[in-house]
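Written out below as structure tokens is the structure these notes cover.
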Amino acid sequence: MRSLIDITDLSAEEINELMDLAMDIIENPDKYAHACDGKILATLFFEPSTRTRLSFEAAMESLGGKVISVPSADKNSSATKGESIADTAKIVSCYADMIAMRHPLEGSAYVASKNASVPFINAGDGGHCHPTQTTADLLTIHRYKGRFENLTIGLCGDLLYGRTVHSLLNAMSLYPGNKYILISPPELRLPEYMKETLDNAGIDYIETENLEDAIPELDILYMTRIQKERFADPAQYERLKDSYCLTEEKMNLAKEDMCLLHPLPRVNEISAKIDKDPRACYFDQALNGKFMRMALILKLFRDNEEEIKSIKRGTTVHFNPDYAFGIKGAKINITKCKNPKCITTAEQELDQIFANGRCIYCDTKEQ
């Protein structure tokens, strides 16, 4: 069953195909108005969401499909009675043809996808990853810059818990010649597992705390919110929440064709006065999210239909070889993952499995 858990589930070729499909949807909306007639998408959101949930629902409606939804699923679903993510995925698969889910625990999407009997899309699992936001980011870069390679990209703010940052880095790392400037307070630097990924791929990056020094070099600036909900210590959040604020004066230091992105919502990290700047692309970015989710829904349905046909023909087609972060060398461990936000801390009878020294659910290094 083809699902999307991490952006690395897609190859560069597949990402390019999704871009082409999204552009065709933009140019020929009537062509796709009934592409999902008779199909049902279930949206399960255990965390607050505006853009992601509504864009998924708008995408499915625009394709002619229907949506069943459990907004505020942490309060309005059987999770309040103690139902596991695994059981929720099995049950919702009975009522829908596809599931999109957001959950605060890292690795929850992996667990849900392994128990769903329909295609599953990760709409954000804690601070881990957010692949469909990355598809929105990529379409925006494609439309504004015309390329994915040979770019200097600044990522600013919460790089530790910023799932959108992690997914964007993984996606852009598929393309050659890119350089990254990682701008954050020391407490919110990119996680070690992400830096190891960049190091192993030989990707050029530097870390800095200074936005003003970095901004003149950038082709793309990706601002992020300091996320209050990710902090265990409220005092630390209060100390770091105003680390960066992009003002008109700072934007004057940037290139005339720099592309300014933000996954939204913003708090105070981008001045509202910048909204009219032609380099401010974040509201277009939100719209592009709908088009990319339309393209992704179509792709997953088509890929799974092709897989079913191939099985009936007696041939073997295996699109997504078990998103287990390197099944080779995986081992069940009696010790638990040290990440308090890992799905293994909450899910019923869930084996703790490490592959290549990392938890397969949340990427935390084995103790």
Between the modelled labels at R279 and E149 (7 Å from Cα along Cα→Cβ) the distance in nm is 2.6
Given the DSSP H assignment, sum -39500 (n - 2.57) over each helix run of at least 4 residues in the chain and divide by its residue total; what's the result at 222 nm in deg cm²/dmol, nearest 500?
-10500 deg cm²/dmol
Rolling a 1.4 angstrom probe over the protein heavy atoms, how many square angstrom per residue are accessible across the chain?
44
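Could you tally the net charge around K145, taking each other residue with its Cβ under 9 Å from the Cβ of K145, Lys/Arg +1 and Asp/Glu -1? Please report the intermediate quantities before stating the final value.
Working: positive: R143, R147; negative: D219, D257.
Charge balance in the 9 Å sphere: 0.
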At what distance in angstrom do the alpha carbon centres of segment 285-306 and segment 1-68 lie from each other?
3
Partner aspartates and glutamates whose C-alpha sits under 14 Å from that of K39, ignoring same-chain residues fewer than 8 away, are E57, E61, D97, E305
Once neighbouring chains are kept in place and the probe is 1.4 Å, which whole percent of the accessible area of segment 1-118 is contributed by carbon and sulfur?
49
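Beyond 21 Å between alpha-carbons counts as too far, so tell me which of K90/K336; K179/K299; K341/K365 fall in that bin. Please list the in-between numbers first.
On the way: K90/K336 25 Å; K179/K299 30 Å; K341/K365 14 Å.
Beyond 21 Å between Cα atoms: K90/K336; K179/K299.
The values are calculated or read from the model by the stated rules, or taken from the named source; none is laboratory data. Everything numeric in this text was worked out from a predicted model, so none of it was measured. All Cβ positions, even for glycine, are placed from backbone atoms using ideal geometry, and neighbour counts span all protein chains on display. Note: areas computed on protein heavy atoms with side chains; ligands, DNA, RNA excluded. Shrake-Rupley method; radii C 1.70, N 1.55, O 1.52, S 1.80 Å.
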